[in-house]
Amino acid sequence: MKHLRQLEDQSVYILREAYKHFDNLAMLWSMGKDSTVLLWLARKAFFGHVPFPLIHIDTSYKIPAMIEYRDRLAREWRLNLVIGQNKDALANGMNHQLGRVVCCTALKTNGLKNLIAEKGYTGIILGVRADEEGTRAKERYFSPRDKHGDWDFREQPPELWDQFKTTFPEGTHIRIHPLLDWTEINIWEYIKLENIPFIDLYLDHGDGTRYRSLGCAPCTFPIKSSARSVDEIIEELRQTTVAERSGRAQDEGRGMELLRKDGYM
Amino acid sequence: MTTALTAPSEHLNIVIVGHVDHGKSTLLGRLFADTGSLPEGKLDKVRSICRQQGKEFEYAFLFDAFLEEQEQGITIDTARTFFTWKGRQYIIIDAPGHKEFLKNMISGAARAEAALLLIDAQEGVKEQSKKHGYLLSLLGVRQVAVVVNKMDLVDYRQDVYKAIEREYREFLAQLKVTPERFVPASAKLGDNIVKQSPNMPWYSGPTALETLGLFRKETEREHQPLRFPVQDIYKFDARRIIAGRIASGMVKVGDRLVFSPSNKSANVKSIEWFNVEPAATEARAGQSTGIVLDEQIFIERGEVASLDDSVPLVSTTFRCNLFWMGKRPLETGRKYLLRLATREVECEVAAIHRIIDAGDLAARQTQTTVGRNEVAELTIRTKNPLALDLYSDFEVTGRFVLVDQYDVSGGGIITEGIRDEQTVWREEARRRDIAWVKGEVGPDNRAAQYGHRAALVLITGGRHTGKSFLARRLEVQLVADGRHAYLLDGENLRRGLDSDIVEGDAAEMVRRFGEVARLLMDTGLIVVSTTNTFGQADHQAIRTLVNPAPVIAVHMSKTEEEPPSHTDLVFAGPKDFDDAARQIIEELKRRGVLAHAIGAKPTFQYSI
Ligand SMILES: Nc1nc2c(ncn2[C@@H]2O[C@H](COP(=O)(O)OP(=O)(O)O)[C@@H](O)[C@H]2O)c(=O)[nH]1
């Protein structure tokens with residue numbers, strides 16, 4: 001509990017720094033557990049308000065329950081929702097059968113890059129966590145992207161004493177990662193502590209499976225689990241030695257490293 | 001990757017540092033493998049990859065998340081891994097040791113509460129071992145344990161171990177760092193990592209794993225005096241919330257807060273939260289919170305709130321230790337942005353006292369630049385005063401970074417506050433402001449009634465430039481517009497209030513002038529003044545005494561001379577007095593002193 005509050009205090013501090021320093025700021029919201037916790041933290045930071053738009057990059061392959069949930073919270077929490085979609089790629093028939101990395105790059109990475117270019121965002125807040133997979137462990141809280149949205153992980157600025165990189169050349173933008181220090185268990189513990197509404201695809205409804213990580217329908221698979229409540233999820237996670245994203249197809253091989261270098265979330 | 005069955009009750013950030021190839025990644029891999037903390041199949045997977053590629057298996061591979069890294073064989077960046085043992089979760093920042101990547105190690109170490117420093121038993125104490133030890137002390141990491149690794153390569157000899165321990169202890173002693181302990185080990189073979197080694201019967205102390213367990217959680221900062229750096233002011237709804245993170249101490253509803261450097265003060269009316277029932281009436285060190293005051297005083301990001309019995313120093317000049325990581329060298333005479341807690345001010349290096357070689361702590365010859373990866377003792381001077389503390393007293397408000405171009409390029413800790421020319425005035429103003437007895441009517445009430453705020457218009461210039469005439473014009477114009485304005489001529493004080501002053505005690509005359517101006521402004525007046533008798537330094541003193549009220553400096557001159565610094569308007573006098581008066585009134589509007597329409601409530605957006 002004390003540790004969760006410390007994580008919360010740090011994330012809130014980061015969100016407030018982002019809001020102070022970036023005139024054109026937006027937050028990515030995929031409706032998954034992490035970005036929803038992030039959204040909740042924004043409400044904490046700004047005392048019930050969310051003073052920047054929330055971006056959803058819609059690949060058109062999302063699970064329908066996620067869209068319903070998105071629209072309900074947007075209404076109840078008075079969110080400014082901005083939906084991005086790579087319509088050209090979809091019109092040309094882009095789908096996962098053309099290759100997962102190809103599809104993710106077209107629909108997610110490029111969908112986001114197009115939206116950033118169109119809206120001129122200079123700061124994008126994301127719910128990336130360091131424990132998710134190897135490349136994310138190397139991230140900074142404030143991580144610069146060059147003109148092409150690429151990430152140069154060798155030349156990252158130092159981050160010390162909560163002084164973040166908030167100045168940058170024209171044409172580049174900064175990715176902001178307030179959840180970097182959180183683990184998967186922390187996320188669920190916090191959802192429980194704060195009673196945050198989440199999509200019930202994360203729970204087992206009797207067939208002995210549930211989703212541990214949510215993405216597009218064709219590339220996300222449920223795991224075997226009988227967890228029917230947040231408590232049971234936490235209990236299960238404390239015992240597992242299986243990686244969280246094992247149900248996410250794009251992590252296979254060098255997929256994630258290639259994707260993230262090019263600006264994937 | 002956590003395998004613990006119960007939630008960890010405590011968390012500790014640790015960093016593993018040391019010369020490149022001394023075994024940091026290997027140690028980390030070992031700790032995970034031997035405590036059963038790896039995800040299922042990970043060990044086998046890495047082993048089989050090694051077999052395929054015909055390489056010898058290395059524990060270090062477990063943490064090399066990037067393929068590029070494995071190609072180069074060096075850890076590139078601060079990777080965080082989590083590891084839980086006996087109810088405590090360790091957040092391990094795997095800082096790299098390669099010389100090029102010092103700034104990453106600093107990013108890691110700046111967050112660490114404790115450090116494990118590795119030394120290769122065969123190679124002994126290297127430059128990096130010393131540099132890292134030095135940086136740990138500079139970054140304020142006070143708990144350090146040393147692992148003497150690769151003992152297998154020196155036949156587990158106690159004398160080799162003892163010699164390294166002695167050498168390194170002596171080095172750390174110069175930094176006033178006392179290591180917690182030394183552990184002889186072999187990360188590769190698992191000696192004294194998780195299990196006591198039979199190969200070194202002469203050592204009966206804790207293993208590397210037990211050493212982690214012996215690190216203490218840092219003592220809480222909440223027992224120190226309050227420091228609350230203002231991060232932002234929010235007005236999303238009816239509340240005007242001062243947001244920030246408490247750096248030390250605690251704050252309660254009803255506390256009287258003093259903000260530095262403006263010296264403004266008000267009481268805490270409420271502490272604001274989201275989704276906290278019932279709302280707590282106090283907040284403590286580490287918490288990100290929001291405060292509503294009982295008075296609408298104008299404060300900005302960067303000020304530091306404290307209680308009046310323990311205020312931070314306010315200065316423009318201080319001495320510090322700084323390490324430089326910038327792409328270009330740090331130079332005297334160049335402007336940098338200084339960031340201390342939430343405050344940002346322009347600064348420059350006033351003096352480089354010495355540059356320290358982190359390897360042997362010897363002072364190099366004084367130079368005018370500090371190179372990348374060097375450490376120096378400096379005096380820094382900022383353009384505007386800021387609230388600060390000594391690092392030995394307060395962590396958060398005692399350290400700062402310098403930004404060169406777009407990047408955070410240096411980090412420093414403050415070792416000494418230096419009195420500048422204004423210190424004496426600043427201290428007088430602060431003592432007086434904190435003790436000032438106020439009536440029920442505050443500046444906001446007056447401003448609402450008068451339709452404007454208080455300000456000082458200071459008109460300077462040589463003889464026969466018409467500055468007195470302009471001052472008169474301005475007073476007439478302001479009063480005709482319905483403003484409360486008053487002409488204060490220095491001469492008037494000389495005959496009355498200053499009549500006891502012996503000729504030549506200019507400082508005392510300046511002081512009295514400043515205090516009278518301050519008093520008149522407290523009544524809500526726009527004070528218009530010509531101060532023939534005072535020089536440039538005196539004007540600065542007057543500004544300091546009336547701070548934070550806005551001062552509009554106007555200079556009249558017949559020639560094309562350089563106006564005094566901080567001048568807002570320059571006129572070629574004596575001519576166009578009506579136009580000059582009009583421009584001054586525009587400037588007063590621009591600074592938020594005058595409401596745009598007479599009688600309307602002004603917006604208080606001026607910045608001093
Ligand atoms: N003989 C021996 N070799 C070791 C030991 N620890 C690490 N090494 C080797 O030293 C090399 C560098 O180790 P690594 O952990 O990558 O060092 P780092 O650069 O500090 O992370 C590798 O080849 C390791 O196998 C040890 O205790 N004994």
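The values are calculated or read from the model by the stated rules, or taken from the named source; none is laboratory data. What you are looking at is a predicted structure, and each value in this text was computed from that prediction instead of being measured. Note: ideal-geometry Cβ built from the backbone for every residue, glycine included; neighbour counts use all protein chains shown. Accessible surface is based on the protein model in full, side chains and every heavy atom, while ligands, DNA and RNA are left aside. Shrake-Rupley method; radii C 1.70, N 1.55, O 1.52, S 1.80 Å.
Taking (1) free of Cβ contacts under 8 Å to residues at least 60 places away in the same chain; (2) open to solvent by 10 Å² or more (accessible area, probe 1.4 Å) in turn, B:Val370 satisfies each apart from (2). For the stretch B:404-416, the condition of being under 24 Å from B:Glu515 (Cα atoms) and open to solvent by less than 60 Å² (accessible area, probe 1.4 Å) holds for none of the residues. Count of the stretch A:170-225 residues, restricted to those that are part of a helix (DSSP H, G or I) and of a type in the set (Ser, Thr, Tyr), is 2. Looking only at the stretch A:43-61, count every residue that is at the interface with chain B (Cβ under 10 Å from one of its Cβ atoms) and under 17 Å from the mean Cα position of the chain (by Cα) and tell me the total. Qualifying residue count, the stretch A:43-61: 2.
Here A:Asn86 clears all of (1) modelled with pLDDT under 90; (2) surrounded by fewer than 22 Cβ atoms within 10 Å (Cβ to Cβ) except the condition numbered (2). Answer yes or no: is there a residue in the stretch B:313-332 that is touching a Phe, Trp or Tyr at 6+ places or on another chain (Cβ under 6 Å) and open to solvent by less than 20 Å² (accessible area, probe 1.4 Å). Yes, that holds for at least one residue. Filtering the stretch B:136-191 to residues that are within 16 Å of the ligand (Cβ to nearest atom) and open to solvent by 80 Å² or more (accessible area, probe 1.4 Å) leaves B:Leu153, B:Asp155, B:Arg157, B:Lys188, B:Leu189. Look at the stretch B:310-325: where a residue is within 14 Å of chain A (Cβ to nearest Cβ), no partner that is open to solvent by 30 Å² or more (accessible area, probe 1.4 Å) and small (Gly, Ala, Ser) sits 6+ places away or on another chain with Cβ atoms under 6 Å.
Every condition in (1) crowded, with 16+ Cβ neighbours inside 10 Å; (2) under 18 Å from the mean Cα position of the chain (by Cα); (3) more than 14 Å from chain A (Cβ to nearest Cβ) is met by B:Asn384 except one, and the failing one is (1).
Could you go through the stretch B:93-103 and let me know if any residue there is within 18 Å of B:Ala208 (Cα to Cα), of a type in the set (A, V, I, L, M), part of a loop (DSSP other than H, G, I, E, B) and at pLDDT below 70. Yes; the residues of the stretch B:93-103 include at least one that is within 18 Å of B:Ala208 (Cα to Cα), of a type in the set (A, V, I, L, M), part of a loop (DSSP other than H, G, I, E, B) and at pLDDT below 70.
Any residue in the stretch A:6-27 that is away from chain B (no Cβ under 14 Å), open to solvent by less than 20 Å² (accessible area, probe 1.4 Å), over 17 Å from A:Thr220 (Cα atoms) and of a type outside the set (S, T, N, Q)? Among the residues of the stretch A:6-27, at least one is away from chain B (no Cβ under 14 Å), open to solvent by less than 20 Å² (accessible area, probe 1.4 Å), over 17 Å from A:Thr220 (Cα atoms) and of a type outside the set (S, T, N, Q), which makes the answer yes.
Right, B:Tyr203: within 16 Å of the ligand (Cβ to nearest atom), more than 14 Å from chain A (Cβ to nearest Cβ) and part of a helix (DSSP H, G or I) or not?
Values: within 16 Å of the ligand (Cβ to nearest atom): yes; more than 14 Å from chain A (Cβ to nearest Cβ): yes; part of a helix (DSSP H, G or I): no.
Answer is no for this residue.
You will find that of A:Ser35, A:Ser60, the residue that is modelled with pLDDT under 90 and hydroxyl-bearing (Ser, Thr, Tyr) is A:Ser60 and no other.
Of the residues B:Asp538, B:Asp498, B:Asp505, the single one that is in contact with a Phe, Trp or Tyr (Cβ under 9 Å, 6 or more places away or on another chain) and free of Cβ contacts under 8 Å to residues at least 24 places away in the same chain is B:Asp498.
Only one of the listed residues (B:Ala506, B:Ala517, B:Ala447, B:Ala485) is open to solvent by less than 20 Å² (accessible area, probe 1.4 Å) and closer than 25 Å to B:Ser565 by Cβ. That residue is B:Ala517. Close Cβ contacts (under 6 Å, 6 or more residues apart or on different chains) running from residues in the stretch A:146-169 that are within 11 Å of chain B (Cβ to nearest Cβ) and at positive phi to residues that are modelled with pLDDT of 75 or more and outside any loop (DSSP other than H, G, I, E, B) comprise A:Trp161/B:Arg399.
Filtering the stretch A:98-123 to residues that are open to solvent by 40 Å² or more (accessible area, probe 1.4 Å), of a type outside the set (S, T, N, Q) and out of contact with any Cys (no Cβ under 9 Å at 6 or more places or on another chain) leaves A:Leu98, A:Val101, A:Val102, A:Lys113, A:Ala117, A:Glu118, A:Lys119. If I go through the stretch B:35-48 residue by residue, how many of them are away from every other protein chain (no Cβ under 11 Å), more than 16 Å from the ligand (Cβ to nearest atom) and either touching a helix residue (DSSP H, G or I) at 6+ places or on another chain (Cβ under 9 Å) or open to solvent by less than 70 Å² (accessible area, probe 1.4 Å) (or both)? Looking only at that region, the number is 2.
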